[in-house]
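The values are calculated or read from the model by the stated rules, or taken from the named source; none is laboratory data. All of these numbers come straight from a predicted model, not from anything done at the bench. Here the Cβ is made from the backbone with ideal geometry for all residues, glycine too, and neighbour counts use every protein chain on show. Protein only, heavy atoms only, side chains kept; ligands, DNA and RNA dropped before computing areas. Shrake-Rupley method; radii C 1.70, N 1.55, O 1.52, S 1.80 Å.
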Amino acid sequence: MENIYLPHSAIVKEIISETADIKTFRLTFEDERLQKSFTYLAGQFVEFSVYGVGEAPFCLASSPTRPGQIECTIKKMGKVTQAIHDLEVGDQVGIRGPYGNGFPLKELRGKNLVLVGGGIGLAPLRSLIQNVLDKRDEYGDVLIIYGAKSTEELVYQKELEEWENSPRVKMVLTVDPGGEDQKWQGEIGFVPTILEKVNPSPDNRMLITCGPPIMIRYVLLGATGEMGYRPQQIITTLEMKMKCGLGKCGRCNIGRVYICKDGPVFTYQQLKDLGNEF
Amino acid sequence: MKRLLKKEELNRLLLGLMKEYDVIAPIDEEGLILFRPVTKVEQVLWDYPNSLKPVKEFFLPPREVLFQFKRGKVQPANLSLKKRVIWGVRPCDARSLLLLDKVFLDSTQDVYYREKRKSTLLVGLSCNHPEKSCFCTSFASGPHHKEGMDLLIADLEEGIFLLESNSPEGEQLLKGRGKEVNKIDEKIRTKIKEKTERKIERKLKPSQFLERLTNGFDSSYWEKASRQCISCGICRYLCPTCHCFDIADEEGERVRFWDGCSFRNFTKMTSGENPRFGKRERFKQWYYHKFGYFKENHGVFLCVGCGRCLRNCPVKIDFSEVLQQLPAQAQTPAREG
């Protein structure tokens, strides 16, 4: 039987600098058969190893609808992410996974979607957006509200334009007050404020959000407030200290769930049912 | 299969096992009772209060190499293990392994744990002298329970032992040894068992736990209960069912270590966020995991009532009392959620 802790060897094929401290890494498994058979769901994550430094969980920022693309967008935060940022094209890393539940595509099909992202929180949403755009007929209108602290901190800048030009997609970009530059033509304000201003109707719509915890908190409050979303209509993907990815090591246990195994994607209703720890 | 053995016959059984297996048994190591590899029958204790450390270290070692890496090549650790016997394990500790199995032998099996489990026979010794801190009978167990063991030895006192197999391997060990067990022997055994059970004074009411925990999540009770705690983590480390771990890279190898929910770093994320920053939250997590979440997910409590947590707490927190005192009604929240 498979040893669940052994990573598979992967090679860094391409590195895209997104911002001063965020890079996207495109990976290919060394084992060709694995490279061909590796499948995942939008919203799942992998454990990314730099041998000698350690292992950390990152969501897959690419979409399973684009076979062969395995991408993680990673912000330089600590020891492991520093080592990842030091990688060069051709370097070898370890990958195990995919883990977690992923976005509930079945429930999103046929519905209008609003995706609300902040900072590097756009990474898991990108996986979903690409997935939706590749199966455009299966989904309703798409509204993307994305913000960062400043214009330099917006990720996937080229792709944002592509999305905007896709059929039935509306993009609203924003930066925090003071984060704008002279060329800036988007909104100025915090993401939850802009969401309330755009005020997308909750009719036949699902809201999917990811970003810093404080942003998520205000998006949840705002959406379930005057905007009238029911907690079942809101989906978020959580960040937690995870290590094993398999519900064993215990650290991502909150309420009766393990974020790594039962999540990281939850509806707001599920989070409410779990108690007050969130 | 049940057989009656005299002390000399039991010694012969142990001696025979030592020839064939690696034997791990309780010994007195400078005043501490610990399970250690043994090679002589005389080293092994027969009548002892339960060991300081549970036997989980033989299945989930405090530090364990998962694999080595050399120039990008991953070399899995050698998992093959000589057949071994843990001799003298108490019923509470044998049962703890069945609980750990639910975590490590679920649909995603942990091969490190599984191989150790597969290569180990458990020969248990029933408990005739429980301690004041014991409460196994509150958790579907008891001092003479054979659950999880291959073979249970019951000390009928006066040098006579009743051995009962609980697996084909256990039966194999018993074959052709001692003499048949008659009704009188069984009666003596039952008497001793009942006498021992009566000695266990701590009686908890687990049926109330789930509801009280659910109601009491924000209760100010936890503030009070956790006040003395110094977050040293000894209750987690010495608990036979606590199994949380961390994984880290050391020179050339990836290693896993015991970890515990009493430590602040356990849930601290690189971003600085920490869902269980406060002592109260960390203290509480242990109770909620063992007596709430685990029960909800697996149908059993993650506790065997061995009492090590309260015997070894440096600030004398009485863990079973904390459970017993859980308020029936939700109290005012200690802080804004």
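Structure values in brief
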quantity: Accessible area in the full protein assembly, largest first, 1.4 Å probe, for B:Asp155, B:Asp28; calculated: B:Asp28, B:Asp155
quantity: Residues of the range A:105-237: accessible area per residue with a 1.4 Å probe, Å²; calculated: 46 Å²
quantity: Spin-label proximity, B:Arg63 to the range B:256-276 - amide N less than 18 Å from point 7 Å beyond Cα toward beta carbon; calculated: B:256-260
quantity: A:Thr224, B:Thr267, ranked by accessible area, largest first (probe 1.4 Å); calculated: A:Thr224, B:Thr267
quantity: Helical mean residue ellipticity (222 nm; -39500 (n - 2.57) per DSSP H run of 4+; nearest 500) of chain A; calculated: -6500 deg cm²/dmol
quantity: Degrees, to the nearest 10: B:183-199 long Cα axis against longest axis of chain B; calculated: 30 degrees
quantity: Sum of side-chain charges, A:Arg205 neighbourhood, beta-carbon under 14 Å (Lys, Arg +1; Asp, Glu -1); calculated: +2
quantity: Highest-MSF residue in chain A out of A:Gly263, A:Gly121, A:Gly228 [GNM, Cα springs under 10 Å]; calculated: A:Gly228
quantity: Listed residues A:Gln182, A:Gln232, A:Gln69, most fluctuating in chain A (Gaussian network, C-alpha, under 10 Å); calculated: A:Gln182
quantity: Chain B, helix-only ellipticity at 222 nm - DSSP H runs n ≥ 4, -39,500 (n - 2.57), divided by all residues, nearest 500; calculated: -8500 deg cm²/dmol
quantity: FRET efficiency for B:Lys183 and B:Ala328, using Cβ-Cβ distance with R0 set to 60 Å, rounded to 0.05; calculated: 0.85
quantity: Whichever lysines have a C-alpha closer than 18 Å to that of A:Lys111, once near sequence neighbours (fewer than 8 apart) are set aside; calculated: A:Lys135, A:Lys170
quantity: Spatial separation of Cα centroids for the range B:234-301 and the range A:103-127, in angstrom; calculated: 31 Å
quantity: Using a Förster distance of 25 Å, the FRET efficiency for B:Lys195-B:Glu131 (Cβ separation, nearest 0.05); calculated: 0.95
quantity: Residue-normalised accessible area of the range B:175-322, expressed per residue, 1.4 Å probe, Å²; calculated: 46 Å²
quantity: Unsatisfied cross-links (Cα-Cα over 27 Å) in the set A:Lys23/A:Lys149; B:Lys7/B:Lys83; B:Lys2/B:Lys295; A:Lys23/A:Lys241; B:Lys102/B:Lys183; A:Lys248/B:Lys193; calculated: B:Lys2/B:Lys295; B:Lys102/B:Lys183; A:Lys248/B:Lys193
quantity: Per-residue SASA entry for A:Asp203, accessible area with 1.4 Å probe, Å² rounded to 10; calculated: 110 Å²
quantity: Residue-level accessible surface for A:Phe103, protein heavy atoms, 1.4 Å, Å²; calculated: 10 Å²
quantity: Cβ-based net charge around B:Glu273, under 11 Å, with every Lys or Arg adding one and every Asp or Glu removing one; calculated: +2
quantity: Gained length - B:Glu30 relative to B:Gln109, 0.36 nm times residue gap less alpha-carbon distance; calculated: 24.7 nm
quantity: Label point distance in nm, B:Gln43-A:Leu221, each placed 7 Å from Cα along Cα→Cβ; calculated: 6.3 nm
quantity: Residues losing 20 Å² or more accessible surface upon assembly, the range A:245-266, compared with the chain by itself, 1.4 Å; calculated: A:Leu246, A:Lys248, A:Cys249, A:Gly250, A:Arg251, A:Asn253, A:Gly255, A:Arg256, A:Tyr258
quantity: A:Ile188-B:Thr214 pseudo-label distance in nm [points 7 Å out on the Cα-to-Cβ vector]; calculated: 5.1 nm
quantity: Part-to-part distance (alpha-carbon centres) for the range B:1-28 and the range A:50-72, which is given in Å; calculated: 53 Å
quantity: Difference of contour (0.36 nm per residue) and Cα-Cα distance, A:Arg230 to A:Lys272; calculated: 13.9 nm
quantity: Order of exposure, largest accessible area first, which applies to B:Glu29, A:Glu30, B:Glu211 with probe 1.4 Å; calculated: B:Glu211, A:Glu30, B:Glu29
quantity: Cross-link partners of B:Lys199 among lysines (Cα-Cα below 16 Å; sequence separation of 8 or more within a chain); calculated: B:Lys132, B:Lys191
quantity: Protein accessible surface hidden between A and B, which excludes ligands and nucleic acids, total in Å², probe 1.4 Å; calculated: 3500 Å²
quantity: Chain B - charge dipole about Cα centre, Lys and Arg +1 at Cβ, Asp and Glu -1, debye rounded to 20; calculated: 200 debye
quantity: Max mean-square fluctuation residue, GNM over chain B, Cα-Cα springs under 10 Å, options B:Leu125, B:Leu151, B:Leu98; calculated: B:Leu98
quantity: Label point 7 Å beyond Cα of B:Glu250 along Cβ direction - residues of the range A:40-66 with amide nitrogen under 15 Å; calculated: A:52-54
quantity: Linear extension gain, A:Thr65 paired with A:Lys106, 0.36 nm per residue minus alpha-carbon span; calculated: 13.2 nm
quantity: With all protein chains modelled, accessible area of A:Met240 [1.4 Å, Å²]; calculated: 20 Å²
quantity: Accessible carbon and sulfur surface of the protein assembly as shown relative to its total accessible area, %, 1.4 Å; calculated: 49 percent
quantity: Approximate spin-label separation A:Arg205-B:Asn78, in nm, with each point projected 7 Å along Cα-to-Cβ; calculated: 6.3 nm
quantity: Relative contact order computed over chain B (Cα-Cα under 8 Å; 6+ residues apart), in percent; calculated: 21 percent
quantity: Residues A:Glu180 and B:Glu147, FRET efficiency given R0 of 56 Å [Cβ-Cβ distance, rounded to 0.05]; calculated: 0.25
quantity: Those lysines that a straight Cα-Cα span of less than 24 Å connects to B:Lys73, excepting residues fewer than 8 apart in one chain; calculated: A:Lys13, A:Lys36, A:Lys79, A:Lys243
quantity: Sparse-neighbourhood loop sites, GluC sites (Glu not before Pro) in the range A:65-158 - DSSP loop, at most 13 other Cβ within 10 angstrom; calculated: A:Glu88
